[in-house]
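Report on the structure given below.
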Amino acid sequence: MTLNHITRRASKAQGVALLTLFSKGFSLPNWSASFVGEGTSERGESIHTAHRKKLEALVDAFKSSIRRGETPGHLPTCWGVLTAALLLSKERSQQLFLFLYARSLLSAAIRLNTIGPYASQQLLLHVVKGMVERDVSNCSSVRTGVTELTRSHRALPTPAPLQEDWTRLEADDLPATTWPLGEIIAARHDLQHSRIFNS
């Protein structure tokens, strides 16, 4: 999912942090079963509670799988798990992800003293908001291609143990980097004498 070890490490740490946030902040506490809101039946409440518990168990199982090293647990994947567990729509999830990403970029610009906090807020409200809405509508049909790729390669023979299978990289809809210089700069981040970003 990333081309260098530094962004990979940061992506995994942020992904696990998101799942921990869900477990500690959004999960249904054990003591909440004793409270039944007015106007709700115990049967309706128990169905809702059972559904929430299944989602929480799924998130916890995925988090355990990441910690055991069975799956990478990158930030975008964990974001999808988190927003699905919160029952957000795909469009709302995309919009929120892009908005928070833009906000993080502006926050970095403030720390680098490129722009001030007021200018950042103005950009976020007047420029970024429209960009995010436009990009969400443009990306509504984008998919990873993993499902289609898996289906199309099932019939292919298994490559020899030491032979790389390059046919999987020929699909146009696979993830790719769009800023190679950014990857190079990020890869050199650990070599800096002083750093202002935690990665």
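For the reader, a short list of remarks on this structure follows.
- Scanning region 17-32 for residues that are in a helix (DSSP H, G or I) and polar (S, T, N, Q), we see that the one that is surrounded by the fewest Cβ atoms within 10 Å (Cβ to Cβ) is Asn30.
- Considering each residue of region 148-158 in turn, none proves to be aliphatic (A, V, I, L, M), modelled with pLDDT of 75 or more and surrounded by 12 or more Cβ atoms within 10 Å (Cβ to Cβ).
- Taken over region 100-132, the criterion of being touching a helix residue (DSSP H, G or I) at 6+ places or on another chain (Cβ under 7 Å) and open to solvent by 70 Å² or more (accessible area, probe 1.4 Å) is satisfied by Arg103, Pro117.
- Test: residue in region 33-52 that is under 30 Å from Leu100 (Cα atoms), of a type outside the set (Lys, Arg), part of a helix (DSSP H, G or I) and modelled with pLDDT of 85 or more: no
- The residues of region 44-53 that are touching a residue at least 24 places away in the same chain (Cβ under 8 Å) and exposed (fewer than 13 other Cβ atoms within 10 Å of the Cβ) amount to a single one, Lys53.
- Matching residues, region 54-76, being open to solvent by less than 60 Å² (accessible area, probe 1.4 Å), closer than 30 Å to Leu123 by Cβ and either not hydrophobic (A, V, I, L, M, F, W, C) or not in a helix (DSSP H, G or I) (or both): His74
- Summed over region 58-89, residues that are under 30 Å from Gly130 (Cα atoms) and in contact (Cβ under 8 Å) with a residue 40 or more places away in the chain total 10.
- Taking every residue in region 186-198 that is under 19 Å from Ser104 (Cβ atoms) and pairing it with any residue that is open to solvent by 50 Å² or more (accessible area, probe 1.4 Å) and at pLDDT 75 or above, at least 6 positions away or on another chain, the pairs with Cβ-Cβ distances below 6 Å are Ile196/Arg111.
- Within region 69-108, the set of residues being over 19 Å from Phe26 (Cβ atoms) and among the β-branched types (Val, Ile, Thr) comprises just one member, Thr71.
- In this entry, Thr83 passes the filter for residues that are closer than 19 Å to Ser11 by Cβ, in contact with a Ser or Thr (Cβ under 7 Å, 6 or more places away or on another chain) and in a helix (DSSP H, G or I).
The values are calculated or read from the model by the stated rules, or taken from the named source; none is laboratory data. Please read these numbers as outputs of a predicted model, since none were measured by experiment. Glycine also receives a Cβ, built like all others from the backbone with ideal geometry; neighbour counts cover every protein chain displayed. Calculation scope for accessible area: heavy atoms of the full protein, side chains included, ligands and nucleic acids excluded. Shrake-Rupley method; radii C 1.70, N 1.55, O 1.52, S 1.80 Å.
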